[in-house]
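Everything on this sheet refers to the single structure shown next.
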Amino acid sequence: MTVNSNDAAQGTLTTLKSYLDEQLGISSQNTPHNESLAALLNDIGRACRQISQALNHGALAGILGSAAQQNVQGETQKTLDILSDKILVDTLQQGGHVAALASEEQDDIIPCNPDAAFLVAFDPLDGSSNIDINISVGTIFSILPHVKLGQMPTAQDFFQPGKQQRAAGYVLYGPSTLLILSLGQRVDVFTLDPKSGEFYLTAEQLSVPVDTQEFAINTSNQRHWHAPVTQYIEECLAGKTGIRGKDFNMRWVGSMVGDVHRVLSRGGVFLYPHDRKNPGVAGRLRLLYEASPMSFLVEAAGGAAITGEQRILDIMPLQLHQRVPVMLGSRHEIERLQGYHAAYVKPDLD
Ligand code: AHG
Ligand code: MN
Ligand code: MN
């Protein structure tokens, strides 16, 4: 679909609001939960527009750099991590469509409206080491059902496998601000028009090619990798003359949103495996607000997402800030990686 700025000005493009009304069948039936989901997603869009504006102002607004505090995971928070978190918490609390929030930047959940049908877990600003160098960052969100309607949620209510998500997505603050959204069946892309503040549908039904010649992994961890990952990457690097019989390219943005967006746009694999660097820690990325929503999107676009051994969307979370190994992207590559993991016996993985 080709879009030009006149389309937006003439009102011929689909707005996020009209897309949600249509996809969630709001005008046709009495669907209070769907109405509430649409309103919640519009609230997320509004919050991310504010975050986008803050990022655009950058140093002019005095909001770059590190704050003098750490989050529950011992990471130094950037001023913009805290600001983005506050914008999302305030907007979603005021909107009234969420029973509780879980954020990377908050130790515990934030209970909101017990009568609301949804729980939201989010990474307010992903890729925060890239903020100060003006490279793409993003917001990742996961929407789960609030099963015990009427009861104030606890952290346990967030412990649902990712396949139960009602919607997931991210906003990528890059050269343009994009919202990538899935309600489960398909993945669609919206572009923020900075003039009107409206998100417009600009690409539909993303599809991850089953094969690829591009991988993404932080190779500075190579000496810590387990054998299946070492084997896979060595074979990619061997290129045309190796057993893969083709050359591979490598990309690493360092913001998961940027790396996953590339995978959704043109295929590839993105790996953040468990390694021996921190044997007691299962990878780098967090299940509830990074791995799970991204896996939901990648699967909805025809790709696959595993830890090495297990489908990420089947994992039952045990902790709010639990980490998991992540391998996602083009299906045939992920199947190959799963095969390599299955072929190795456990001692090698410890
Ligand atoms: P966050 O900024 O939310 O803590 O997440 C950063 C994550 C993710 O965006 C990225 O893929 C990964 O950290 C990069 O890790 P390395 O610095 O180890 O490459
Ligand atoms: Mn992150
Ligand atoms: Mn973050």
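Read-outs: derived from the displayed coordinates by stated rules, not from any lab. The model shown is predicted, which means the values in this text are computed figures rather than measured ones. All Cβ positions, glycine included, derive from the backbone under ideal geometry; neighbour counts span all protein chains shown.
Couplings for the range 95-109, taken from phi via the Karplus curve 6.51 cos²θ - 1.76 cosθ + 1.60 with θ = phi - 60°, read x, x, 9, 10, 7, 6, 10, 10, 10, 3, 8, 10, 4, 10, 6 Hz in order; Gly and Pro are left as x. Between 0 and 90 degrees, the angle of helix 32-57 with respect to the longest Cα principal axis of the chain falls at about 80 degrees. Here the range 214-342 is treated as an ellipsoid with the same Cα gyration tensor; its semi-axes, largest first and in whole Å, are 22, 17, 13. Within the listed set H332, H97, H321, the Gaussian network model of the chain (springs between alpha-carbon atoms below 10 Å) gives the highest mean-square fluctuation for H332.
Would you mind working out the magnitude of the charge dipole of the range 214-342 relative to its Cα centre, with +1 at each Lys and Arg C-beta and -1 at each Asp and Glu C-beta, to the nearest 20 Debye? Could you put the intermediate results ahead of the total?
Numbers: 15 positive and 12 negative charges, 50 e Å.
It works out to roughly 240 debye.
Across L24, L285, L40, mean-square fluctuation computed from a Gaussian network of the chain (C-alpha pairs under 10 Å connected) peaks at L24. Compared with the rule-of-thumb size 2.2 N^0.38 Å for a compact globular protein, the chain has a Cα radius of gyration ratio of 0.98.
Since only L320, T230, S265 are under comparison, the one whose Cα sits farthest along the positive direction of the charge dipole of the range 214-342, derived from C-beta charges on Lys, Arg, Asp and Glu, is T230. Largest first, the extents of the alpha carbon coordinates of the range 5-203 on the three principal axes equal 48, 48, 27 Å.
Secondary-structure-derived ellipticity at 222 nm for the chain, considering helices only, amounts to -9000 deg cm²/dmol, per-run term -39500 (n - 2.57) for DSSP H runs with n ≥ 4. Near the amide H of K78, within less than 5 Å, lie the amide hydrogens of A67, all on another chain or at least 5 residues away, with H placed in the peptide plane. Distant-in-sequence amide contacts of F118, defined by a placed amide H-H separation under 5 Å and a gap of 5 or more residues or a different chain, comprise A99, H146. Its Cα gyration tensor gives the range 35-112 an equivalent ellipsoid; the semi-axes, largest first and in whole Å, are 24, 18, 7. Using Cβ point charges alone (K and R +1, D and E -1), the dipole size of the chain about the Cα centre works out to roughly 560 debye.
Among the lysines of the chain, pairs at least eight places apart or on separate chains and with Cα atoms under 30 Å apart come to 14. Under a 5 Å amide H cut-off, with hydrogens placed 1.01 Å from N, D126 pairs with G138, T139, I140 among residues at least 5 apart or on other chains.
Mean sequence separation of contacting Cα pairs (under 8 Å, at least six apart), scaled by the length of the range 237-339, corresponds to a relative contact order of 28 percent.
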